[in-house]
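The values are calculated or read from the model by the stated rules, or taken from the named source; none is laboratory data. If you're wondering where the values come from, they're calculated on a predicted model, not measured in any experiment. A quick note on method: Cβ atoms are made from the backbone with ideal geometry, for glycine too, and the neighbour counts reach across all protein chains shown. Quick note on the areas: whole protein, heavy atoms, side chains included, nothing else; ligands and nucleic acids left out. Shrake-Rupley method; radii C 1.70, N 1.55, O 1.52, S 1.80 Å.
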Amino acid sequence: MAVKIRLTRIGRHKDPFYRIVAADSRYARDGRYIEQIGYFDPQNGVENATIDEELALKWLNLGAQPSDTVKAVFKAKGLNAKHAGVEPAKKPAAKKAKKEDK
C-alpha cells in the first residue's frame, strides 16, 4: 500500500479549506483516508496551517510521501528538518567581502 500525505478538500464553493491526511494513493482525493494529520486554510497562508507534528513525523518515518503542497506546508512549519534529524538552522549573518592579499 503506497501511502501519501495529501490535501482533502472541504469547504464551500470558491472558499476552499483542506484537511491534511494520510491516505492510500489509490483512494479518491476526497474519499476515505487513514488518518487526519491537520488542516490548512489557504486564505491564512501556509504558516498558519495546523499540524499534529507527532502524527506527521510518524507517517514520514513509515515512508509516506507528501504531495508538493504538503511539502511546502511542512517546510514552513520546520517538519522537513525534524524528519531529516536536523534542527532548522538560523539564517547566517550577512557575509563581509574578503580582501585578497597580493
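Worth pointing out:
- Some residue of the range 13-25 being in contact with a Ser or Thr (Cβ under 9 Å, 6 or more places away or on another chain) and modelled with pLDDT under 90: no
- Taken over the range 24-47, the residue count meeting the criterion of being of a type in the set (A, V, I, L, M) and part of a strand (DSSP E or B) is 1.
- Only residues that are closer than 17 Å to LEU57 by Cα and either in a loop (DSSP other than H, G, I, E, B) or open to solvent by less than 50 Å² (accessible area, probe 1.4 Å) (or both) were counted in the range 1-23, giving 9.
- Qualifying residue in the range 28-48 (condition: of a type in the set (A, V, I, L, M), open to solvent by less than 80 Å² (accessible area, probe 1.4 Å) and in contact (Cβ under 8 Å) with a residue 40 or more places away in the chain): no
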